[in-house]
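Written out below as structure tokens is the structure these notes cover.
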Amino acid sequence: MSSTAAATARSRWESQRSFDELGRQLRDVTFCVVDLETTGGSAEAGSMITEIGAVKVRAGEILGEFQTLVNPHSAIPPFIAVLTGISDTMVADAPGIESALPAFLEFAAGCVLVAHNAPFDVGFLKHFAARQQRPWPAFEVVDTAKLARRVITRDDAPNCKLSSLAQVFRSGTTPNHRALSDARATVDVLHGLMERLGGLGVHTLEELQTFSARVSTAQRKKRHLAESLPHAPGVYLFRDDRERVLYVGTSRDLRTRVRSYFTASETRSRIGEMVGLAATVTGIECATTLEAQIRELRLIAEHKPRYNRRSRFPERMHFVKLTREPWPRLSLVKRVLDDEADYLGPFSSKKVAEKALQALHDTFPVRQCSDRLARRASKSPCVLAEMGRCLSPCDGSADEEAYAAVVRQLRDTLLRRPDEVITSISERMQALAAAERFEEAGVHRDRLAAFLRAAARTQRLSALARCGQIVAGRRRDDGRWEVHVVRRGRLAAAGTLPPGGDAHDYVRQLCASAETVLPAPGPVPAASAEESELVLKWLESPGVRLIDVDGEWTCPVAGATRHLAVHDAVEESRRTLVPFDERRELSTVHQGVPLAR
């Protein structure tokens, strides 16, 4: 490379010295720009490498060059010899690829590989590394041809060939189909592309790799919104110019995640629209990932951002209630009261709640009317009573003790043991399947699955809600302990034990500063169901150690959770089996039920 070209490269690089500190700055990355000459276009078809040339460069400075001819141990085709000027005589005494490749890999170690049409050059190198049973280093790769197609217009150059780009960026080296010369020209092209991209807000290796013309310049220039965010777990809030929250998200690394919204890695159109409206990004650093996930849920519920699709309305829940009255019944309600009644749920969808309710009505002949009935009622019986699906307390014909026995069995099914519902509906499904009424059998299958999932959820959440406090810890990958204080299903405090700190003192102080949590009405946790389920997932994860439990954290051994595996497998098969085989699925459900008992 001539001194003039080197000075030009340094000048171009110096114009980018205002890079911020997001990601791996391009000025700090060592690139190894490589070019190969070969006997043909495909290593898989038997083509061989005849020359390797490479230039190592960082911050516009040339750190070293590598060049070697390679003996292909076969005749070089005349056309290739004319094109490259490499003849059989020239490579006769050159090392073979068995020696040349290890030497190149040693030269390129720790660098980011750069090539013009990288799949060709890197593909050849990886092919011969595999042939030598040599592990391929985990190189990151930048393709200048791919970048040029996204940056160079027809007004700049007729095409994106290396020779054309070398003219556009006034390279000091003319490409001539010799490996080192072409690598030197590619260095100038790389720096020229970086200069253009720097004006578009591309200043890091990550942004260079993900750059796309599909990301608008205005969107890319907003990347400065991530500058003040830390490399730490937490929650981020995009706000518009009126301070309204547009979107809430969470990440293990706030700065890296927010930066990705301004690159090609973000492809969701609605999020692109959101970024266009955003004026500020606020970050809330959290001690642990669990704390970040729960803060996200709470902030979404509080602000209800228009660009968040989930968790915006945790209050829109439904429950199935077993009432407390002379003649109890099942009712669909929207909230839990402190009325000593029994509840099943919550359900996020009224439609699913109705399926679970129907499964219970199919099994237990309790009344379905919503009237208030005196202990001695004298009304006309309904159609369900005439069909034998209701014990008919409305006309005074029901036996009080018999009705109470059915209600006790129903209550036991809700709280402890779902076997009655499983047996009843499974027998009905089997009969319908035997009669080849598969669609009707599928309806009952869905009702059973809705009930079992709700019962399992109720039993697990109510068990957590009964505990006044649970303190638990887990050792992280970095060796530090994260500690969470959970009160009645709600995360009350989170922290990470300082290095060398006294664990007992730290836990005592964390509990003393934790949020005071009062019991919620009924059996539900003092938090949203989604929050409590996140807490449960963490508590049940490998490596968690219980430090303190105030209360009894137990679930029924014969509860609904043990039956879910079969129905989850069926649900997965419904999404993946093509074509869908209803008969086989129904058979699977029926055969799986006895095994779960």
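The values are calculated or read from the model by the stated rules, or taken from the named source; none is laboratory data. Just so it is clear, the structure is predicted and the values come from calculations on it, not from any experiment. Here Cβ is always computed from backbone atoms with ideal geometry, including for glycine, and neighbour counts include all displayed protein chains.
See the values below:
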read-out	value
Test: residue in the range 164-171 that is in a helix (DSSP H, G or I), within 19 Å of L26 (Cα to Cα) and in contact (Cβ under 8 Å) with a residue 24 or more places away in the chain	no
Yes/no for Q133 being within 23 Å of V57 (Cβ to Cβ) and either assigned by TED's automatic domain parsing to the domain that holds M194 or outside any helix (DSSP H, G or I) (or both)	no
T289 vs. criteria surrounded by fewer than 17 Cβ atoms within 10 Å (Cβ to Cβ), in contact (Cβ under 8 Å) with a residue 40 or more places away in the chain and of a type in the set (S, T, N, Q)	no
Boolean, H73 is in contact (Cβ under 8 Å) with a residue 12 or more places away in the chain and under 20 Å from A185 (Cα atoms)	no
Candidate set from the range 527-546 (those that are surrounded by fewer than 19 Cβ atoms within 10 Å (Cβ to Cβ) and not in a helix (DSSP H, G or I)); member that is farthest from the chain's Cα centre (by Cα)	L546
Residue that is surrounded by the most Cβ atoms within 10 Å (Cβ to Cβ), among those in the range 194-226 that are among the charged types (D, E, K, R) and modelled with pLDDT under 80	E207
Residue in the range 180-194 that is among the hydrophobic types (A, V, I, L, M, F, W, C), over 14 Å from A115 (Cα atoms), assigned to a loop (DSSP other than H, G, I, E, B) and in the same structural domain as V82 (by TED's automatic domain parsing) present	no
Unique residue being hydrophobic (A, V, I, L, M, F, W, C) and farther than 30 Å from V544 by Cα when the list is V407, V483	V407
Residues of the range 94-116 classified as of a type in the set (D, E) and in contact (Cβ under 8 Å) with a residue 12 or more places away in the chain, total	1
S380 closer than 29 Å to A454 by Cα, of a type in the set (G, A, S) and modelled with pLDDT under 85	no
Residue in the range 117-124 that is closer than 28 Å to S164 by Cα, aromatic (F, W, Y) and surrounded by fewer than 20 Cβ atoms within 10 Å (Cβ to Cβ) present	yes
